[in-house]
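Any read-out appearing in this document is the output of simple, stated calculations on the displayed coordinates, not a laboratory observation. Small disclaimer: the values here were computed from a predicted structure and weren't measured. Backbone-built Cβ (ideal geometry, glycine too); neighbour counts: all protein chains shown.
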Amino acid sequence: MTILVTGATANIGRKIVDHLVAAGRTDIRALTTDPERAALPAGVEAFRGYVRRPESLAGAFDGVDRLYLAPSADTVTEVLALARAAGVRHVVDLSGEPESWWGTVCTAVENSGMSWTHLWPADFMENTITWSHQIRATGVVHEPFPDAATAPIAMDDIAAVATTALLSDSTGNRAYPLSGPEVLTRTDLLDRIATALGRELTFAKSSREETIAALAPTMGDQATWYVDNVLTAYTPDPTTLPLTSVFDITGRPATTFATWATTNTAPFTSLDS
């Protein structure tokens, strides 16, 4: 039976496709808005569609047994109804705890009548790319909570967990809180980026308004939402973070932030370097 990956050219979805191919699966259908430009691996079936446009999904779920669901709170209930009607048995969703801003997705999946695996990730390592303009322009990052801590996780590790869940024979319902392998403050993260770049970077404690203004060049209108919903959610309590979750589920060590920073210097590098 076919595995359908929605958002298959987005950050996590594409990595899931690659992990499934590496695992030897040949029954992968990839949902993408532009199959001609998707550049998917050989043997992967590209299907034109988008979860935010349920009317584009006719036929997408035909023959599908398992589904990776990219988050789309506005249309999730309709998409899940189409999936269930087509015979999908299990949904692996990227969401968050019911009380989080992704809770709509989580709740809809649980109410869908299909079995499910929730992926509830901590802060993405890739979210530090929101600092890229500030790092390139001045070397100073502005945020309000320099000592706020979390255990950020690499998107590739989330994709590896999703792949494990998609390939599992289990049809039970479970939620996986996910995090990276170490608790780091915001200043710790910047220090590791500085080491990867080989240059000095500074953290400036800033007001909410100053932070939004500093993030706007990279985030645009999303800067206010990010400051009010993400930056305020960091926890300094390491006992609440599942630091071994990636290894426990996949059997492979989670990516450290230092490793991620070393292999992702391009966004932080001066445009004329």
Can you find, among Ala8, Ala73, His118, the residue farthest towards the positive end of the dipole of region 2-121? Put +1 on the C-beta of Lys and Arg, -1 on that of Asp and Glu. Ala8
For the chain, what is the percent of antiparallel DSSP beta bridges, rounded to the nearest 5? 10 percent
Thinking of the chain as a set of Cα atoms, what percent of all their pairs are more than 32 Å apart? 27 percent
When the chain is fully extended, how far beyond the present Cα-Cα distance does Thr269 get from Asp65, taking 0.36 nm per residue of separation? 69.1 nm
Sorted by Cβ neighbour density within 10 Å, fewest at the top, the residues Lys205, Lys15: Lys205, Lys15
Relative exposure of Ser179, Ser112, judged by other C-beta atoms within 10 Å (fewest first): Ser112, Ser179
Note down the net charge around Leu80, summing +1 for each Lys or Arg and -1 for each Asp or Glu among other residues with Cβ under 12 Å from its Cβ. -2
Net length gained if the chain between Arg48 and Asp248 were fully extended (0.36 nm per residue, minus Cα distance): 68.5 nm
Using the crude model of +1 on Lys and Arg Cβ and -1 on Asp and Glu Cβ, and no other charge, please compute the dipole size for the chain relative to its Cα centre, in debye to 20. 520 debye
Divide by every residue of the chain the summed helix terms, -39500 (n - 2.57) for each DSSP H run of at least 4, and state the resulting mean residue ellipticity at 222 nm, rounded to the nearest 500 deg cm²/dmol. -10000 deg cm²/dmol
On full extension of the chain, what length is gained from Arg84 through Glu97, given 0.36 nm per residue of separation minus the C-alpha to C-alpha distance? 2.4 nm
Roughly how many debye, to the nearest 20, is the charge dipole of region 2-121 about its Cα centre, given +1 on each Lys and Arg Cβ, -1 on each Asp and Glu Cβ, and no other charges? 260 debye
If I take the Cα coordinates of region 133-181 and project them onto the principal axes, what are the three extents in Å, biggest first? 51, 21, 15
Please report the net charge: other residues with Cβ closer than 13 Å to the Cβ of Arg186, K and R +1, D and E -1. -3
Summed side-chain charge close to Ala58 - residues other than Ala58 whose Cβ falls under 13 Å, Lys, Arg +1, Asp, Glu -1: -1
